[in-house]
1. Can you work out the FRET efficiency for the pair residue A:155 and residue A:203, with r the C-beta to C-beta distance and R0 = 35 Å, to the nearest 0.05?
2. When Cβ neighbours within 10 Å are restricted to other protein chains, what is their mean count per residue of peptide A:253-264?
3. Binning at 20 angstrom from zero up to the longest distance, how are the C-alpha pair distances of the protein assembly as shown distributed in percent?
4. Spin-label point model (7 Å from Cα, Cβ direction): what's the residue A:110 to residue B:90 distance in nm?
5. Of the residues B:26, B:65, B:40, which exhibits the maximal mean-square fluctuation in a Gaussian network model of chain B defined by a 10 Å Cα contact cut-off?
6. Hey, fewest Cβ within 10 Å first, where do B:81, A:407, B:31, A:77 land in order?
7. Most fluctuating residue of B:51, B:30, B:16 in a GNM of chain B with Cα springs under 10 Å: which is it?
8. Sorted from largest down, what three extents in whole angstroms do the Cα atoms of segment B:8-73 have along their principal axes?
């Protein structure tokens, strides 16, 4: 039997694509290698509202970006997530919890701090129950006629003029499934993208990083309002330790490192919680769960739709797609897959959407992201205290790169040694620019 | 020695696709290394790739009960990669 569309991956992107495609009358199969609706790997539960980026809030002017923003209709148990920039049939029903996030704050070893937003009272996003979100989408996809097979891993996809042959393996053994088209939504650590040839010409960028996340209860949260907290402790780790709320009613701390460096993430997080300036926050805390993942920090794939296949979400870019981006991609991939089946150039339409929906396609944005060295890599503990204290004393707010770039003249005057370390004349950060 | 995955495995899939011999697969609870396919990356890398990419630090360990010589591992690599030239590094 041949499907119209096979979707690989039951995360937010794949689940949204499945729902849209099924509701549009396509004969759809979704395969998911783990248990449907269950997240094993570490991934963020942030549903951000605005169009803001991860490393800079400055709106790029070099590319005409049409980024998806989110608003939420909040009910007593039942919320509706609206994606602006997409038609009304993209609205999602969500029945999980909403944990408001009010800001994002960078903290120095001695506790100096500055935030992204001047106000601690505006909601910038929510930490959501991502599994509930996915379960809801998958249920709607199923109700609309999508066949869902979990415990089924896609090994490879052959794409030809006749359609796609999707090789899967499960408890039932190995099978080859046929479809006219495929949407590949297998996440930040994809094997299929490589197997399909989408990595040809794509620079390795900054390479592979590994993440570990600890879910904790009974943390003494260091601020009255929930937010993303980003701790800098260069003497312990050359990366940031992130902390935030985590459903249901818990907290997470996580960090990452390049796989090239043999860094022991478990020992970093253990030391952070038991033997660092911040340990007292964790005095009564217990680890409830651990999660991990890898990510390839390669530049985005520009032509993410080719032949009969569309690669969507984290597998086509590094981490900044986020939940709302994945849902937007899933929606558009389904719509444009249908157009392709109806004889129109769905691939061109999808690629056009993809290339204008995210900051990371703007060379200007990438220059701002790469233009300042990472604080935890470049500075000592004392210098970090000086820098963050300087920002706090002057009342500057914003993302670190934006603050440093905006006030560089003042920084050069007040903290010349720190400025030189963060903004050296030559920076080699690897190539984040998108390639075809 | 062969490599073994412990209960500290977090099922994140980082190692599965990186294994040059496709020796790692999902087990019922944690990932599993097939010791008949593992060459400890002799033939491919300077040190085991799975250990390199694994975020969980204690999830992959050396199996002291299964010690194999470098020659044995290299021969196995050759059978798994017919026609290819192994990448060799100084023995430790």
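Every read-out reported here was derived from the displayed coordinates using simple, explicitly stated rules and does not represent laboratory data. On a predicted model such as this, the values are computed, not experimentally measured, just so you know. Cβ placement follows ideal geometry from the backbone for every residue including glycine, while neighbour counts extend to all protein chains displayed.
1. 0.85
2. Numbers: counts 0, 0, 1, 1, 1, 0, 8, 2, 1, 4, 2, 4.
The shielding value for this peptide is 2.
3. The distribution over the protein assembly as shown is 21, 55, 23, 1, given as percents.
4. In this crude label model, residue A:110 to residue B:90 measures out at 4.5 nm.
5. Maximum among the listed residues: B:65.
6. On the way: B:81 15, A:407 18, B:31 22, A:77 7.
The most exposed by this proxy come first: A:77, B:81, A:407, B:31.
7. Taking springs between Cα atoms under 10 Å, the residue moving most is B:30.
8. In descending order, the Cα extents are 32, 23, 19 Å.
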